[in-house]
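Have a look at the structure below before the remarks.
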Amino acid sequence: MLKIFTIVGARPQIIKAASISRAVRTVFKDKIYESIVHTGQHYDENMSQVFFDEMEIPKPDFNLNIGSGTHGNQTARMIEGIEKLLIEHKPDALVIYGDTNSTLAGAIAASKIHVPVVHIEAGLRSYNKSMPEEINRILADNVSTLLFSPTKTGYTNLLREGFEDTEKSGRKKFSKDYPGIFHCGDVMYDNTLFFAEMAEEKSKALEQNNLVAGNFVLVTIHRDSNTDNSQRLNAILEALNEISVEQNIEMVLPLHPRTLKMLGGAAYETLQKNQKIKLIPPASFFDMIVLEKNAKLIITDSGGVQKEAYFFKKPSIVLRPETEWKEIAENGVAIIADADKQKIKSAYDYFSSKKDLSFPAVFGDGNAAEFICNKMLETL
């Protein structure tokens, strides 16, 4: 029996973990035993607990209750808590997701005491080290034993950085000195296929917000590079205000706690007065699926939401200077507009008139979780 610890701390990780937990329960219940460790990085109930409840993810076995703090303070307390659990319970491997401080803390704690690290969503690069997430993902990759990339681009990035080509090497066993890298598809795509029909049945997001399918734009803003910079945030809000009025289109904006805290100034006052813009609390996973599936277009600074837009064949406008999901931009269904008001408006105009968008299958076949579980059993 392979004993794994799974680290989660933020909304996207909880959702990603659902796919692995589901595979463990349904396919590998006699071969893999999973314990879930919640760091408490997202401690707001709307950003955390609701996802465990809604997606029927097993309740965390351990909760570190870390909460907010500076990057150094938060990460250090996570490392300390995770290390204690690893020493006490001695799992065979530690599974981490994505690029948050919880990801980095798990990678450091486990690798220092020689617990193999399994990094899901490895190899993604924005090539912008001013993003804390870029630092986290690079460091996590470089101490991991097994690295699972959702895309071919991610796999190629790892090869470019000097990782051995596992597909060609024939190596069967791995360590952090000789790691294995795999292109597996995206666990979020697994979840989208699994939960889409259930979300349509359970979510009342359209009715509650008086939204008509295909007649609204979904907007998410949460990255500190946008929320903590008043000039960038105001430029984005001005673009939203102008697009909604000039194009006569409704917009729905689930407010991340960080965004809500930082909002203010003339642009926000205009936003509040704009009847075309609906400011709502953070959306649950099912509500988010329904909003994404029924939106005309999605405007976001979230890496995860960019992907989900692609899953549902929706164009997206990226509120960042780059994206780690190169395939989306290269396929012409996402435009990188950063926090530039005119670029955001131009991107909206482009997609409003573009009718022949194509969404080739670049995120796998919906069986990434089973692939990952099998590789852990074969190689650890």
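The values are calculated or read from the model by the stated rules, or taken from the named source; none is laboratory data. Nothing here was measured: the structure is a model prediction, and the numbers come from that model. Reconstructed Cβ throughout: ideal geometry from the backbone, glycine too, with neighbour counts over all protein chains shown.
Of all residues in region 318-345, which are among the β-branched types (Val, Ile, Thr), closer than 18 Å to ARG125 by Cα and not in a helix (DSSP H, G or I)? Reasoning before the result, please.
Initial filter on region 318-345 (among the β-branched types (Val, Ile, Thr)): 318, 323, 328, 333, 335-336, 344.
Cutting the leftovers down to closer than 18 Å to ARG125 by Cα gives us 318, 323, 328, 335-336.
Hits for region 318-345 are VAL318, THR323, ILE335, ILE336.
Residues are listed down the side, and each one gets a yes or a no for (1) at pLDDT 75 or above; (2) surrounded by fewer than 22 Cβ atoms within 10 Å (Cβ to Cβ); (3) within 21 Å of the chain's Cα centre (by Cα):
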{"site": "ALA17", "(1), (2), (3)": "yes, no, yes"}
{"site": "VAL27", "(1), (2), (3)": "yes, yes, no"}
{"site": "LYS31", "(1), (2), (3)": "yes, yes, no"}
{"site": "PHE52", "(1), (2), (3)": "no, yes, yes"}
{"site": "SER68", "(1), (2), (3)": "yes, yes, yes"}
{"site": "GLY72", "(1), (2), (3)": "yes, yes, no"}
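Take residues that are assigned by TED's automatic domain parsing to the domain that holds ILE7, more than 20 Å from LYS326 (Cα to Cα) and free of Cβ contacts under 8 Å to residues at least 60 places away in the same chain and tell me which of the helices (runs of 4 or more DSSP H) falling wholly in region 83-182 contain 3 or more. Working first, answer last.
Working: elements: 101-112, 132-141, 152-160, 166-169.
Passing ranges, in order: 101-112, 166-169.
Here LEU357 fulfils each of the conditions (1) of a type outside the set (Ser, Thr, Tyr); (2) out of contact with any helix residue (DSSP H, G or I) (no Cβ under 7 Å at 6 or more places or on another chain); (3) without any contact (Cβ under 8 Å) to a residue 60 or more places away in the chain; (4) within 20 Å of ALA122 (Cα to Cα) apart from (4). In region 103-125, of all residues being under 16 Å from GLY72 (Cβ atoms) and aliphatic (A, V, I, L, M), the one that is surrounded by the fewest Cβ atoms within 10 Å (Cβ to Cβ) corresponds to ILE108.
Determine if region 229-248 includes at least one residue that is at positive phi and not in a helix (DSSP H, G or I). Yes, the conditions are met somewhere in region 229-248.
Which residue, of VAL305, VAL245, is closer than 22 Å to PRO321 by Cα and out of contact with any Phe, Trp or Tyr (no Cβ under 6 Å at 6 or more places or on another chain)?
Numbers: VAL245 fails: closer than 22 Å to PRO321 by Cα.
After applying the criteria, what remains is VAL305.
Taken over region 345-380, the criterion of being of a type in the set (Lys, Arg) and in contact with a Phe, Trp or Tyr (Cβ under 9 Å, 6 or more places away or on another chain) is satisfied by LYS375 alone.
The combined condition, being surrounded by fewer than 18 Cβ atoms within 10 Å (Cβ to Cβ) and closer than 25 Å to ASP186 by Cβ, is fulfilled by GLY332.
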